[in-house]
Amino acid sequence: MNHILERIVNTVAEAEGTDPTALPPLYETIDPDAINRLIESQSADSEMTCVVRFEYSDHEITVDETGAVTLTPDGGTRPELRD
């Protein structure tokens, strides 16, 4: 498994206090190859920024162009930003 994908699954497993193998397969939520391609292509171009957000196992996952993974519990339920 790719480092970014491992980081996503391990971050969620740690937050939930469970084993990573107890989580649903990541590929049922998002195309792991697409995340890899997007982050790798953005890492090569330092002038561009990229953020990927998706829901997985009741968390909003955010992956940035550096491969950093953050999560918000409960599917990212938080106040909407308005103009």
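The values are calculated or read from the model by the stated rules, or taken from the named source; none is laboratory data. No experiment lies behind these values; they were computed from the predicted model shown. Ideal geometry is used to build each Cβ from the backbone, glycine not excepted, and the neighbour counts take in all protein chains shown. Note: areas computed on protein heavy atoms with side chains; ligands, DNA, RNA excluded. Shrake-Rupley method; radii C 1.70, N 1.55, O 1.52, S 1.80 Å.
Going by the conditions given, is residue 39 in contact with a Gly (Cβ under 7 Å, 6 or more places away or on another chain), open to solvent by less than 60 Å² (accessible area, probe 1.4 Å), in a helix (DSSP H, G or I) and at pLDDT below 90?
Working: in contact with a Gly (Cβ under 7 Å, 6 or more places away or on another chain): yes; open to solvent by less than 60 Å² (accessible area, probe 1.4 Å): yes; in a helix (DSSP H, G or I): yes; at pLDDT below 90: yes.
Yes.
Looking at this structure, is residue 34 over 9 Å from the mean Cα position of the chain (by Cα) and at pLDDT 85 or above? Reasoning before the result, please.
Working: over 9 Å from the mean Cα position of the chain (by Cα): yes; at pLDDT 85 or above: yes.
Taking the combined requirement at face value, the residue satisfies it.
Residues that are hydrophobic (A, V, I, L, M, F, W, C), farther than 13 Å from residue 69 by Cα and touching a strand residue (DSSP E or B) at 6+ places or on another chain (Cβ under 9 Å): does segment 3-19 have at least one?
The answer is no, given that none of the residues of segment 3-19 is hydrophobic (A, V, I, L, M, F, W, C), farther than 13 Å from residue 69 by Cα and touching a strand residue (DSSP E or B) at 6+ places or on another chain (Cβ under 9 Å).
Might you let me know whether segment 5-27 holds any residue that is at pLDDT 80 or above, within 12 Å of the chain's Cα centre (by Cα) and in a loop (DSSP other than H, G, I, E, B)?
No.
It is to be established whether one or more residues within segment 53-66 are touching a Leu at 6+ places or on another chain (Cβ under 6 Å), in a strand (DSSP E or B) and open to solvent by less than 30 Å² (accessible area, probe 1.4 Å).
Residues of segment 53-66 touching a Leu at 6+ places or on another chain (Cβ under 6 Å): 57, 59, 61.
Filter once more, so that each one left must be in a strand (DSSP E or B): 59, 61.
With open to solvent by less than 30 Å² (accessible area, probe 1.4 Å) added as a condition, the list becomes 59, 61.
Within segment 53-66, one or more residues are touching a Leu at 6+ places or on another chain (Cβ under 6 Å), in a strand (DSSP E or B) and open to solvent by less than 30 Å² (accessible area, probe 1.4 Å).
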